[in-house]
1. Checking the conditions here, which among Ala53, Ala66 is among the aliphatic types (A, V, I, L, M) and either buried (at least 23 other Cβ atoms within 10 Å of the Cβ) or at pLDDT below 95 (or both)?
2. Mind counting the residues in the stretch 83-122 that are among the β-branched types (Val, Ile, Thr) and farther than 25 Å from Gly44 by Cα?
3. Is it the case that some residue within the stretch 162-169 is surrounded by 21 or more Cβ atoms within 10 Å (Cβ to Cβ), touching a residue at least 40 places away in the same chain (Cβ under 8 Å) and touching a His at 6+ places or on another chain (Cβ under 9 Å)?
4. Can you name the residue in the stretch 92-113 that is more than 23 Å from Ser50 (Cβ to Cβ) and crowded, with 19+ Cβ neighbours inside 10 Å and is also farthest from the chain's Cα centre (by Cα) among such residues?
5. So which residues in the stretch 69-84 are touching a helix residue (DSSP H, G or I) at 6+ places or on another chain (Cβ under 7 Å) and surrounded by 15 or more Cβ atoms within 10 Å (Cβ to Cβ)?
6. Being more than 30 Å from Leu5 (Cβ to Cβ), at pLDDT 90 or above and assigned to a helix (DSSP H, G or I), is that true of even one residue in the stretch 163-176?
7. Could you list, in sequence order, all residues of the stretch 125-138 that are crowded, with 21+ Cβ neighbours inside 10 Å and free of Cβ contacts under 8 Å to residues at least 40 places away in the same chain?
8. Is there any pair with a first residue in the stretch 101-124 that is over 13 Å from Pro83 (Cα atoms) and in contact (Cβ under 8 Å) with a residue 40 or more places away in the chain and a second that is among the aromatic types (Phe, Trp, Tyr) and crowded, with 21+ Cβ neighbours inside 10 Å whose Cβ atoms are under 7 Å apart and which are 6 or more apart or on different chains, and what are they?
Amino acid sequence: MHDSLFSTICLGLALAACCGFRVFIPLLAVCIASLTHFIHLAAGFSWIGSWTALICFSVAAAGEIAAYYIPFVDNLLDTIATPLAIVAGALISTSVIPASDPMMRWGLGLIGGGGSAAIIQAGTGVLRLFSSKATLGAGNHVVSSGENITAIGGSIVSLLLPVIAAVILLLLILYLVPRIIRKIYS
């Protein structure tokens with residue numbers, strides 16, 4: 001579907017950023033898009049578009065969504081989700097970039113994909129921590145619902161309009177970075 005290198009890079013980076021909201025929803029979206037031949041995965045990544053992966057990603061996504069609705073368990077999950085989001089972001093962006101040069105593909109995947117997922121995940125973690133402190137965990141289900149909707153909607157928009165999704169998520173990242181840095185050093 002996405003023929004130009006620029007479009008597939010935008011697709012990979014936008015989907016990777018969505019991994020910062022939920023780790024497994026963008027992976028599930030890529031799996032479904034690959035199974036329906038909506039996108040083509042790079043060489044060596046066909047396993048992401050398999051029926052086995054569909055079952056695994058579906059179960060993992062459902063479990064992740066459910067677990068984030070349990071107050072204070074969601075904060076613990078953020079600790080686990082941060083490295084997973086980075087790995088998933090790097091994997092997802094590398095899997096859709098058709099560049100023949102492995103250094104370019106993995107470089108973009110690791111730096112761009114993993115980095116964008118990390119920044120979004122850090123932003124959602126700070127938001128959840130603030131929500132936990134301000135509402136004693138009672139408001140976290142609202143944060144979780146927003147993250148779920150954003151992960152699902154962002155994954156769909158990324159597949160349909162990758163350049164627009166990448167621009168929107170880049171603007172979100174540019175908004176979050178100074179706030180995360182300020183939070184760390186305050």
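1. It is Ala66.
2. Total satisfying the criteria: 2.
3. Within the stretch 162-169 (the criterion being surrounded by 21 or more Cβ atoms within 10 Å (Cβ to Cβ), touching a residue at least 40 places away in the same chain (Cβ under 8 Å) and touching a His at 6+ places or on another chain (Cβ under 9 Å)), the answer is yes, since at least one residue qualifies.
4. Leu108
5. If the condition is that a residue be touching a helix residue (DSSP H, G or I) at 6+ places or on another chain (Cβ under 7 Å) and surrounded by 15 or more Cβ atoms within 10 Å (Cβ to Cβ), then Pro71, Asp74, Asn75, Leu77, Asp78, Ala81, Thr82 are the ones that fit.
6. Scanning the stretch 163-176, I find no residue that is more than 30 Å from Leu5 (Cβ to Cβ), at pLDDT 90 or above and assigned to a helix (DSSP H, G or I), so the answer is no.
7. Ser131
8. From the stretch 101-124, the pairs are Thr124/Phe21.
The values are calculated or read from the model by the stated rules, or taken from the named source; none is laboratory data. Since we're looking at a predicted model, the values are computed, not measured. In this analysis, Cβ positions are derived from the backbone assuming ideal geometry, glycine residues included, and neighbour counts consider all displayed protein chains.
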